[in-house]
Every structure is written in structure tokens, then in C-alpha cells.
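One structure is given here, and the rest of the page talks about it.
The values are calculated or read from the model by the stated rules, or taken from the named source; none is laboratory data. As the structure is a computational prediction, the values presented were derived from the model and not from experiment. Reconstructed Cβ throughout: ideal geometry from the backbone, glycine too, with neighbour counts over all protein chains shown.
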Amino acid sequence: MEQTKSKKGGFTSAIGFILAAAGSAVGLGNLWAFPYKTAENGGAVFVFLYVACVLLIGAVTMICEIFIGRRAQANPITAFKKINKNLGWIGLIAIVVPTIIVCYYSVLGGYTVRFATNSFWGNADNLGDFAGESWQVILFTAIFMALALVVVMAGVKGGIEKASKVLMPALFILLVAVVIFVLCLGEGVKEGLSYYLIPDFSKVSFSTLLAALGQAFYSLSLGMGAMIVYGSYTGKEINIVKSTGMICVFDTMVALLAGLAIFPAVFHFTSKAGIDTSTLDLNGIMLMFETLPKVFESIGYIGNIIEFFFFAMVVIAAVTSVISIIEVASQFVIQKFKISRKIAAGAITLITFAVSIPVSISLGYLLTGKAQMTIFGLDWLSFLDTVTNTIFMPICALLSCIAVGWFIGPKQAINELTADGNKFGKLEGFISVMIKFVVPVLIAVIEVFGVVELLFPNGNFDANGLGIVLVSYLLFGLLIGIYFLFIKERETGTNADELLK
Ligand code: PHE
């Protein structure tokens with residue numbers, strides 16, 4: 001009975017769950033942020049630190065999050081309430097934060113859709129024109145969100161699992177095809193690979209480790225409710241430890257491969273065109289939407305095809321990520337208010353779309369330099385990104401580990417997981433110590449340093465940074481207050497409620 005229940009509304013197979021979770025994990029963070037962060041932070045040294053962070057810290061946190069969702073078979077608020085009634089606010093944060101992320105992630109998603117569809121008509125040098133035409137950006141953001149919405153509306157089994165089973169293998173094939181093509185370009189490939197990977201110890205410092213850790217959390221979709229929610233749709237037939245291993249390996253592989261495509265392509269272009277690489281923007285938004293289109297289009301017609309493949313792949317990666325974060329709030333609204341999935345997902349998408357409009361206009365202003373629309377000195381996208389990634393994501397991941405390590409207890413957690421068929425063997429003691437002490441301390445360090453960096457960028461106090469920190473912690477306090485005033489004593493629903501309808 002237990003099994004049929006979990007199967008009815010949730011993922012139907014281990015591979016379905018793994019691909020959906022990998023779909024959440026693999027996103028702009030892998031295809032775009034990882035490569036340039038690697039190049040910026042000392043190449044192979046950064047890769048090594050990153051892999052260590054994924055294995056030692058990310059994987060442990062992911063096991064905790066999936067486990068929290070799985071044992072509750074419910075949305076994050078109910079899941080944390082089940083651990084301890086006074087912890088339900090962590091679930092509220094885990095629902096609100098990803099919903100904020102949808103508002104800016106979708107704008108970038110809209111950009112990728114525009115660049116994919118326009119691959120054959122020339123994207124190079126068009127970033128400014130496109131970003132400056134607000135209605136166009138809004139339109140493409142709407143298309144991007146509609147793609148995600150259709151999948152979320154179709155449900156976990158009929159939408160998310162089905163789509164992931166097709167899209168994730170497609171993404172992987174596209175990526176491998178693009179990598180092979182680029183590595184065969186000849187000229188410049190070697191230089192690109194060395195720019196990407198040759199270890200440069202002079203660029204490594206304590207902050208490199210923090211960057212690796214932060215990137216690992218973001219890339220694995222941790223600290224944002226997504227893994228708790230997907231975990232809640234799994235039953236005992238799914239081995240959490242093994243699945244986590246596979247999700248981490250897949251996510252890391254995609255990130256590494258993305259760099260193998262991007263930098264050799266860029267260096268091929270520069271050496272052919274006789275351009276000095278240092279004049280090209282290899283970081284941030286420019287790398288993906290300005291430098292890469294130039295590179296692809298300089299290769300001629302084949303370049304256009306590769307450009308299309310590349311952006312199609314980015315669209316897939318971004319859509320499957322945004323699906324997982326729209327699902328977080330949708331699941332809660334469905335369960336708490338007992339309304340239909342279509343209405344819940346539709347309402348959430350509409351609200352986040354409305355917020356994405358000023359975000360896209362602000363980003364457009366930044367990219368065209370025509371006017372300013374900032375909060376605490378940042379464009380709206382960077383502001384929301386900073387608030388969610390720097391402040392909230394570590395807190396939320398930290399609290400998930402504390403909930404498992406200190407409230408459920410590592411022994412009890414490991415017993416429950418072992419009863420479900422997970423095997424820890426000799427690692428049991430090690431994992432207990434990691435969950436209870438090491439991982440929480442390391443995440444707390446990321447949080448503290450993230451805040452210090454905001455307050456004192458380059459060593460000098462920054463009032464804007466203080467504003468961001470204050471606003472974030474105010475929101476944090478507000479959410480805790482809302483929980484204790486309005487949610488704690490009320491019914492917050494379970495997956496089963498959804499199935500009864
Ligand atoms: N992991 C995704 C990426 O790498 C981003 C993401 C964050 C997705 C949070 C879902 C939740 O881009």
C-alpha cells in the first residue's frame with residue numbers, strides 16, 4: 001500500500017527521480033557559471049576543490065535534503081514540522097527562496113530562448129539591442145516560463161518525470177556533440193584548454209575555497225527546497241545514497257564538459273581573427289550572450305548550427321531547473337489550500353512572471369547603459385541573486401543539516417536510511433560526524449564570509465552591502481514571524497492530500 005501510494009503521485013522509477021533531480025541540478029550554474037569561475041579561480045585547482053566540495057559537503061547535504069522530504073512525504077513546511085513543530089519556518093524559507101529565484105532565473109532563461117531561436121539570423125553583437133527592447137525580453141521570458149509551466153501542470157509523473165527522461169539524455173548528447181566539434185577545431189584549442197584548466201596557484205586563496213563551495217551548493221540545487229520536494233515524491237524503492245551519487249556525478253560531468261566546449265571555442269576564434277583574448281569578456285553575462293555568439297558565428301554556417309545546439313542545450317538545462325523551483329511553491333499551495341495543480345502552478349508562474357518584468361527592465365538598463373534602475377547599487381537581477389545565493393541558500397542548507405544532525409540525529413537518520421536499503425558500511429561514523437559537525441560548520445563559514453564580503457568588498461565598508469544584508473535578514477525574521485503567527489498551529493498538508501482529489 002505504502003509503495004503504491006508513493007508511486008501513484010510521485011516518481012515511478014529510480015531513474016525518473018535521478019534524471020529529474022539532475023535536471024534541477026544541471027542548469028545555468030553548470031553550463032555558464034562553472035566554466036568562467038574555474039578559469040577565474042585557478043583552473044584545475046578550482047576543479048579539484050569543487051569536486052572535493054561536491055563529494056564531501058554537497059553530497060551529504062543532498063542526502064539530508066532528499067531524506068527530509070522522503071520521510072515526510074510532504075511539502076517542506078510539513079516536512080520540517082514533522083521533525084519538530086518549531087522548525088517549520090525552515091520549510092517556509094525553503095519555499096519562498098526558490099520562488100524568488102524563479103523571478104530572475106526566468107529572465108536569463110528568456111535570453112537563452114531568444115538566442116536559441118535566433119541562432120541562424122545572427123546573435124553576435126545583438127545583446128544590447130535585445131536587452132534594451134524590454135518587450136522582447138518580456139516576451140521571451142514568458143515563452144520560457146510557459147515551457148516550464150506546461151510541464152509542472154502535467155504533474156510529477158506525467159510532466160516532470162516524463163520531460164526529464166527525454167530532456168536530460170538530449171542535453172547530454174547535445175553537449176557531447178558540441179564538445180567534440182569544438183575540440184576538433186584545431187587552432188586555439190590547446191590554448192583554450194590551458195586557459196581553462198592549467199593550475200594557477202597564484203589565484204588560489206581561502207576565498208577560492210568559498211567560491212568552490214558556494215558554486216557546489218548552487219549547482220546541486222541545495223538550500224532551496226528543490227531536493228526536499230523531489231525527495232518527497234520518492235518511495236522506499238529509491239536508494240537515496242546511490243541516487244545522490246549519480247546526481248552529483250552527472251552534475252559535475254556536465255559542468256566540466258561545458259568548459260571544454262566554451263574556452264577552446266573562444267580561443268579558436270581569437271587566434272583566427274587575430275584578436276587579443278584579453279579584450280574579450282570571459283566572465284558573467286557577456287561570456288554567454290556576447291562572446292560565444294561571436295565565436296560561433298565566426299565559424300560560418302556550421303557555427304550557426306553549433307550555436308543552435310549550444311543554446312538549445314542551455315534552454316533545456318534552464319527549463320528543467322526552473323521546473324523544479326516552480327514545483328516547490330506549487331506543491332505547497334496545492335497541499336495547503338487543496339486547490340488543483342493547474343491553478344496553483346499557473347498562479348505562481350503568473351506572480352513570478354510579474355516580478356520578472358522589472359527585473360528584466362533593470363538588467364536591460366544595465367546592459368545598455370541607457371539608464372539606471374538599481375537597488376543598493378545593484379541591478380535587480382544581481383540584487384535578487386545576491387540575497388538568495390549569498391544569504392539564504394547557505395542558511396537553508398545549514399538548517400537542513402542541523403535538522404537531520406541534531407533533531408533527528410545522525411544515528412536515527414542512518415538507521416532509517418539503512419532500513420530503506422541504503423548501505424553505509426564503514427562510512428557510517430564518518431557520515432555521522434560530517435552531518436553533525438563538519439558540514440554545518442563549513443556552511444556557516446560560507447555564510448559569514450559571504451556577509452563579510454558584502455559589508456567590506458575590497459576591505460572597505462560598503463553601505464549598499466549593509467543594506468542588502470539588512471533587507472535579507474529582515475525578510476528572514478519576517479518569515480520566521482509569519483510561521484509562528486499564522487502557520488505553526490495550522491494544517492499544512494501532505495502529498496497524500498493531493499492524491500485524494
Ligand atoms: N542548480 C541550478 C543551476 O545549476 C540552479 C538552481 C538553483 C535550480 C536552485 C534549482 C534550484 O543552474
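Screening residue 125 with (1) more than 16 Å from the ligand (Cβ to nearest atom); (2) farther than 23 Å from residue 223 by Cβ; (3) modelled with pLDDT of 95 or more gives one miss only, at (3).
For segment 290-324, the set of residues classified as β-branched (Val, Ile, Thr), assigned to a helix (DSSP H, G or I) and away from the ligand (no atom under 16 Å from the Cβ) consists of 291, 295, 302, 305, 306, listed by residue number. When 160, 173, 180 are screened for being within 21 Å of residue 325 (Cα to Cα) and in a helix (DSSP H, G or I), only 160 passes.
With respect to being under 30 Å from residue 19 (Cα atoms), away from the ligand (no atom under 16 Å from the Cβ), surrounded by 22 or more Cβ atoms within 10 Å (Cβ to Cβ) and of a type in the set (D, E, K, R), residue 327 falls outside the description. Here residue 438 fulfils each of the conditions (1) surrounded by fewer than 18 Cβ atoms within 10 Å (Cβ to Cβ); (2) within 22 Å of the chain's Cα centre (by Cα); (3) of a type in the set (Val, Ile, Thr) apart from (2).
For the residues 158, 132, 110, 122, the requirement of being among the small types (Gly, Ala, Ser) and crowded, with 20+ Cβ neighbours inside 10 Å singles out 110. In segment 216-255, the residue that is surrounded by the most Cβ atoms within 10 Å (Cβ to Cβ) out of those that are within 12 Å of the ligand (Cβ to nearest atom) and among the polar types (S, T, N, Q) is 221. For segment 273-293, the tally of residues that are hydroxyl-bearing (Ser, Thr, Tyr) and closer than 16 Å to residue 307 by Cβ stands at 1.
Each residue in segment 13-33 was checked for being among the small types (Gly, Ala, Ser) and more than 8 Å from the ligand (Cβ to nearest atom), and 7 pass.
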